[in-house]
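Have a look at this one.
The values are calculated or read from the model by the stated rules, or taken from the named source; none is laboratory data. Remember, it's a predicted structure, so these values are computed and weren't measured experimentally. Neighbour counts are summed over all protein chains in view; Cβ atoms, including those assigned to glycine, are modelled from backbone coordinates with ideal geometry. For the accessible areas, the whole protein counts, side chains as well, though only heavy atoms, and no ligand, DNA or RNA atoms are used. Shrake-Rupley method; radii C 1.70, N 1.55, O 1.52, S 1.80 Å.
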Amino acid sequence: MATVHSEDEVTRLKIALGRIARLVDRQVSGDGMTRTQLSVLGTVGRLGPLRLGALAETEGLNPTMLSRVVGKLESDGLLERSTDPGDRRVAQVQVTAAGERMHRRLRGERTRLFTDALSRLPEEQEQALRSALPALESLAREIAPQPAGSGSGTAARGRP
């Protein structure tokens, strides 16, 4: 039997998650970078050299938008484009030393922001958030767009 979700609870969850994301973005700005630029830099910083197609899929961006974002990050000296050593016809991107420094700095600032906020919560609320992590991670996987041809449902996401 399917769980019935209260519209009020779903709305509250959506508002809370969106508000947290906006507040973090405002406080850890990345020197005026857009949310998309921050996300692309973070993805390349975490995952290492990536083919542009894989990056577009991960970020959910069309090739034109990705090209603009990568171009801006490249002109700012944060990313560099090269050919994929496994297939010289394919372009890939990787962070530069400056991009790695910015990625680490922003990641550290975001971690400190969350650590400080969590430390001010009552212990039972902090524990409730830790306990909710698996559910929030699953929710993120369910919301994420699926690659073309992967089908739908939980089996397509690699779960029984």
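Leaving out ligands, DNA and RNA, what percent of the accessible area of region 1-67 is carbon and sulfur, probe 1.4 Å?
On the way: 2540 of 4610 Å².
The computed percentage sits at 55.
With the cut-off at 1.5 for a/c, could you classify region 1-52 from its C-alpha gyration tensor as rounded, prolate or oblate?
On the way: a/c = 4.59, a/b = 1.74, b/c = 2.63.
Judged from the Cα gyration tensor, region 1-52 comes out oblate (a/c at least 1.5, b/c at or above a/b).
Then there is this: Place the peptides 49-56, 62-69, 85-92 in order of packing, highest mean first, counting for every residue the other Cβ atoms within 10 Å and averaging per peptide. Walk me through the numbers before you get to the answer.
Values: 49-56: 17.2, 62-69: 14.0, 85-92: 11.4.
Ranked from most to least packed, the peptides come out as 49-56, 62-69, 85-92.
Can you compute the charge dipole magnitude of region 1-67 about its Cα centre, using +1 on each Lys and Arg Cβ and -1 on each Asp and Glu Cβ, nothing else charged? Give it in debye, rounded to the nearest 20.
On the way: 8 positive and 7 negative charges, 34 e Å.
Using Cβ point charges on Lys, Arg, Asp and Glu, region 1-67 gives about 160 debye.
Taking the alpha-carbon centroid of each part, what is the distance from region 45-80 to region 1-21 in angstrom?
31 Å
Can I ask one more? LEU79's amide H: which non-local residues (gap 5+, or another chain) put their own amide H closer than 5 Å, with H modeled 1.01 Å from N in plane and none for Pro or chain starts?
Distant-sequence amide H within range of LEU79: GLU74, THR96.
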